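Structure first, then comments.
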Amino acid sequence: MSENYIRKIAEEKVYPIIRCDNADEVIAISKALVDGGINILEINVENVSIYKAINEVSKFTTVCAGGIITATQADYAFKNGAKLFASPIFHMNLIKISKNLGIPFIAGTTTANEAYTAWKSRIPLIKIFPAEAMGGIAYIENILRQMPFLNLMPMGDIKLRDVVSYLNAGACAVGVGRDFYQGFTPKEITNRTKEILNEVRDFSEWNKK
């Protein structure tokens, strides 16, 4: 079952990351994203109140708890309904925590060497963060040119308009944070979600030809 969540991210290709310290806002943003067609999203654990949001959002979609660096955080997130957890770092203890909970771990890496080490540790989906600061699309292309077997998900200040370009560069999926929702009403978030999912579907169909 846990592998299905990683497959879902790879199929959907657009992966929203919500970073907000207000639980009610997190829930509202999540609903707007789901109304637009999103089936899995990440909620960053900014403070303890966000576990309430994870609990609520997990009732209507699949939640990955983000920003996890301790066993306590992972345990609280899991008990509140998170089906995956993600971290800004890659550490062997996090792999142990993932195995103990029986849920997938999305490791955070920055360099090619870190990404390769994560792959050797059987991490199924490897986050490249901060992708834009490291060189953006060209950076992902350069890593995958040497190691095309890596399942990379770039994130970090990525804009919706660049999602397809990252996919074209070989990314397995693309994480988008504030550009999905910051400054937009729930209706606008839903419309933006529908638009990007349509773009990604067109890209996927084109690549099947």
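The values are calculated or read from the model by the stated rules, or taken from the named source; none is laboratory data. Treat the numbers as computed from the prediction; the structure is a model and nothing was measured. For neighbour counting, all protein chains shown are included, and Cβ atoms are generated from backbone atoms with ideal geometry for every residue, glycine included. Heavy atoms of the whole protein, side chains included, go into the accessibility calculation; ligands, DNA and RNA do not. Shrake-Rupley method; radii C 1.70, N 1.55, O 1.52, S 1.80 Å.
Nearest 0.05, what FRET efficiency do residue 142 and residue 8 give at R0 = 25 Å with Cβ-Cβ as r? Using R0 = 25 Å, I get an efficiency of 0.35.
Stokes-Einstein D for the range 31-76 at 10 °C, 1.306 mPa s, Kirkwood Rh over Cα pairs, in µm²/s? Provide the component values of the computation, followed by the final result.
Details: Rh = 11.0 Å.
The calculation lands on 144 µm²/s.
Multiply the residue separation of residue 89 and residue 35 by 0.36 nm, subtract the distance between their alpha-carbon atoms, and state the gained length in nm to one decimal.
The span from residue 89 to residue 35 would gain 16.3 nm if fully extended.
When only alpha carbons of the range 1-82 are considered, Rg and Dmax amount to 11.8, 33 Å. Cross-linked pairs 31/187; 13/194; 83/159; 79/99; 8/59; 52/187: Cα-Cα separations exceed 19 Å for 83/159; 52/187. Taking all protein chains together and rolling a 1.4 Å probe, residue 56 ends up with roughly 70 Å² accessible.
Within the chain, the whole DSSP H helices whose Cα atoms reach 15 Å or more along their own axis and whose mean Kyte-Doolittle score is at least 0.5 are 23-35. When the convex hull of its Cα atoms is viewed from all sides, the chain shows a mean projected area of 10.6 nm². Only helical DSSP H runs with n ≥ 4 go in: add -39500 (n - 2.57) per run for the chain, normalise by residue count and round the 222 nm mean residue ellipticity to 500 deg cm²/dmol. It comes out at -15000 deg cm²/dmol, rounded to the nearest 500.
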